[in-house]
1. Residue pairs, Cβ under 6 Å, 6 or more apart or interchain, first in the stretch 417-432 and farther than 20 Å from Ile451 by Cβ, second aliphatic (A, V, I, L, M) and modelled with pLDDT of 95 or more. List them.
2. Restricting to the stretch 218-241, name every residue that is in contact with a His (Cβ under 8 Å, 6 or more places away or on another chain) and either among the acidic types (Asp, Glu) or assigned to a strand (DSSP E or B) (or both).
3. Every residue in the stretch 146-185 that is surrounded by 17 or more Cβ atoms within 10 Å (Cβ to Cβ), part of a helix (DSSP H, G or I) and either on the phi > 0 side of the Ramachandran plot or out of contact with any helix residue (DSSP H, G or I) (no Cβ under 6 Å at 6 or more places or on another chain) (or both), please.
4. State whether one or more residues within the stretch 292-299 are charged (D, E, K, R) and surrounded by 23 or more Cβ atoms within 10 Å (Cβ to Cβ).
5. Restricting attention to the stretch 462-480, and to residues there that are outside any helix (DSSP H, G or I) and surrounded by fewer than 24 Cβ atoms within 10 Å (Cβ to Cβ), which single residue is modelled with the highest pLDDT?
6. Would you pick out the residues in the stretch 398-444 that are in contact with a Ser or Thr (Cβ under 9 Å, 6 or more places away or on another chain), within 24 Å of Pro354 (Cα to Cα) and of a type in the set (D, E, K, R)?
7. Residue under question is Tyr538, and the condition is that it be within 23 Å of the chain's Cα centre (by Cα), more than 30 Å from Ile260 (Cα to Cα) and buried (at least 19 other Cβ atoms within 10 Å of the Cβ); does it hold?
Amino acid sequence: MRKRLGWMLTLMLSLVLILAACGGGGQSASEPNTSTEPGATEPAAEPSGEAASGGTLIVGRGGDSAALDPAIVTDGESLKIAQQVFDPLLAYKSGTTEVEPALAESWEISDDGLKYTFKLRQGVKFHDGTDFNADAVVFNFTRWSDPDSKFKFEGDSFDYYDSMFGPAEARVIKSVTASDESTVVFELNQPQAPFLQNLAMPPFSIASPKAVEESGADFKSNPVGTGPFTFKEWKRSDSITLEKNPNYWQEGLPKVDSVIVRSIPDNTARFNALQNGEIDLMEDLSPDDLATLESNPDLQKFNRPPFNVAYLGFNVTKKPFDNAKVRIALSHAVDKQGIVDAFFAGQAEPAKNPIPPSLWGYNDSIEDYKYDLEEAKKLLAEAGFPNGIEEPLTFYAMPVSRPYMPDGRKVAEVIQASFAQIGVTVNIESPEWATYLDDLSKGEKDDLFIIGWTGDNGDPDNFFYPLLDKDSIGGNNYSQYASEPLHELLVKAQQETDQDERAKLYEEAQVVVHEDAPWVPLVHSTPLLAASKNVQGYTPSPTGSEPYADISITQ
């Protein structure tokens, strides 16, 4: 009965949303999701003076993109560029994970949850002048889902598609067809509760079929979408330049003429660039610089809503990490509160679960492995290592700052020192960012590593399935962790439509992960951003990046 009632509510809500989408000119297409709201910063009020228009917005960030085709990447630095150049069928309302229309104006859901019919926005063109239509949507989804697609170029993998819609042998999406030029029909093999949330994610933005066909493997460096900005230039490890799309379908947007996104890996150098007027907006402010920021009347502070996790991962396919007792022992040797106190200046809290406390389904009853070096030694001895682990281990530490981890190298050094006290030697390595991610995905060169995740869509599935399910090994499951009990829980949760029942399943999933300990969850941070007072209309998203179309610069 509860499940049937859930479907009825979903259908009633869908009818309301369709009416709103058709008549509201961009009104929200779902009930507000307040679970990711805490910490959001309202856009600064428009100051008196010369009207804001045109100009160039210069953004400073901690690392370069790996590639510019959103379908083949998983890193936030690549996807934040994608959000400027491309549009998905659905999008998230500014500052939230609430779904609203984008390239799709409205949609209908069948009674059994297996058929979604989308009406597409008409008159939209790709940056190369070709038409956006139903055939373009079919082309993109076919490209991502077909393992033998001729448009899957050498070195490409569609990890996000596999993570959110299942691997080739167990796809959620059965077919995508164009019933007419402006109507697309998705048929599913089984219901997926977060289906609409997933479609709004940047990796599923719609690319120009003509550009993909003509550019081939070079498309990853020459993106063509329908978004507010067109791609102009990429200077590797330096900057990406974007220009205003004069034919953008959202009237009045974007508000600036161009955007330059600069890669400035050092946090201090990036903040200095902001203070010197070399950039207008910066990401990942070091918590150590917060007081300086707040004392500068020419700058403004933004808090990104806390919706992430940083973790220490173990490659469970390698000895000694194939032994859960070893993993638990090392969990006791990580001083999370000390890390928070030393590097986050109150802008984070210790983590004990793979999902942040702000997300529904969080299991607060789990008791974390406390920092206790004697307990760590005891468990190592029980696991067969009475004198510690004699063979030095390779420890990957991030070479770039991330919203969930401002300085991965320093945190790794603290963990390295703690491990040394229990007889475990680790050698820290920090290869270039794209190599780092590739090595983690393959699981060949690292034994343990620091990495993290910012939620993409406001659903617990987005943390669990991409990061910890056996289907995601070779993608974002960097621990190479395979648990059949966890897999069964996650698949059941995907298909369940009642949120209360789903929450219970995710609470159980957290127990499984805690007992197996493929990770040491480290922190949930509240990322800091800073901007010149001249930057207006900026609202940070909990997902880690946002379109720049609404931003203006006053004189």
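1. Gln421/Leu373; Ile422/Ala333; Ile422/Leu373; Ile422/Ala376
2. The answer is Thr230, Phe231.
3. Asp159, Asp162, Phe165
4. Here is the first cut: in the stretch 292-299, the residues charged (D, E, K, R) are 294, 298.
Then drop every residue that is not surrounded by 23 or more Cβ atoms within 10 Å (Cβ to Cβ), which leaves none.
No: the stretch 292-299 contains no residue that is charged (D, E, K, R) and surrounded by 23 or more Cβ atoms within 10 Å (Cβ to Cβ).
5. The first filter runs over the stretch 462-480 and keeps only residues outside any helix (DSSP H, G or I), leaving 469, 473-480.
Next, from what is left, pick out any that are surrounded by fewer than 24 Cβ atoms within 10 Å (Cβ to Cβ): 473-476, 480.
Values: Ile473: 92, Gly474: 88, Gly475: 86, Asn476: 90, Gln480: 97.
The residue in question is Gln480.
6. Of everything in the stretch 398-444, those that are in contact with a Ser or Thr (Cβ under 9 Å, 6 or more places away or on another chain), within 24 Å of Pro354 (Cα to Cα) and of a type in the set (D, E, K, R) turn out to be Arg402, Asp407, Arg409.
7. Numbers: within 23 Å of the chain's Cα centre (by Cα): yes; more than 30 Å from Ile260 (Cα to Cα): no; buried (at least 19 other Cβ atoms within 10 Å of the Cβ): yes.
The answer is no for Tyr538.
Listed here are the residues, each with its yes/no results for (1) in contact with a Pro (Cβ under 6 Å, 6 or more places away or on another chain); (2) modelled with pLDDT of 95 or more; (3) in the same structural domain as Leu330 (by TED's automatic domain parsing); (4) assigned to a strand (DSSP E or B).
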position: Leu490; (1), (2), (3), (4): no, yes, yes, no
position: Gln494; (1), (2), (3), (4): no, no, yes, no
position: Asp500; (1), (2), (3), (4): no, yes, yes, no
position: Glu507; (1), (2), (3), (4): no, yes, yes, no
position: Val520; (1), (2), (3), (4): no, yes, yes, yes
position: Pro540; (1), (2), (3), (4): no, yes, no, no
position: Ser545; (1), (2), (3), (4): no, no, no, no
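The values are calculated or read from the model by the stated rules, or taken from the named source; none is laboratory data. Being a predicted model, the structure only gives us computed values, none of them experimental. FYI the Cβ positions are ideal-geometry reconstructions off the backbone, even for glycines, and counts take in every protein chain you see.
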